[in-house]
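Following: one structure in structure tokens, then a few remarks.
The values are calculated or read from the model by the stated rules, or taken from the named source; none is laboratory data. These numbers come from a predicted model, not from an experiment. So basically every Cβ, Gly included, is an ideal-geometry build from the backbone, and we count neighbours across all protein chains shown. Accessible surface areas use protein heavy atoms only, side chains included; no ligands, DNA or RNA. Shrake-Rupley method; radii C 1.70, N 1.55, O 1.52, S 1.80 Å.
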Amino acid sequence: MAETGNLAPSRLVLLVTVVNKGKGTFFADFLKTFDVNLQLCLVGTGTARSDLIEFLGLKDERRSVIFSVVRAERVDAIFAALAERFHSVNGDTGIAFTVPLSSVIGRL
């Protein structure tokens with residue numbers, strides 16, 4: 001009989017990915033391949049000054065913001081894949097960062 005002892009739940013983080021408007025669905029689908037459990041995609045507007053936006057070469061300050069709940073151990077692989085995608089696909093740029101979740105009940 002297999003032992004079914006208590007297993008510590010996987011640590012979860014909130015992954016925030018900001019990409020060009022119109023690319024949210026593409027990147028949300030891309031992130032699903034990393035066992036993302038929950039995603040929310042919203043449209044955001046930047047608050048940077050217009051001279052900074054022009055300096056950075058950004059044409060539109062609207063962005064797609066994707067909030068994803070992922071296992072902490074998948075973050076390095078996700079960041080590597082996103083960096084490759086941002087650098088290899090023409091016109092795909094963005095940023096991604098995580099926020100730790102410390103009060104989640106349950107197990108994924």
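Summary table below
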read-out	value
Sole residue being open to solvent by less than 70 Å² (accessible area, probe 1.4 Å) and at pLDDT below 70, chosen from Gly24, Gly94, Gly46	Gly46
Conditions (1) surrounded by fewer than 13 Cβ atoms within 10 Å (Cβ to Cβ); (2) at pLDDT below 90; (3) assigned to a strand (DSSP E or B): number failed by Val19	(1)
Search result, residues across segment 18-37 that are under 17 Å from Val70 (Cα atoms) and of a type in the set (A, V, I, L, M)	Val18, Ala28, Leu31, Val36
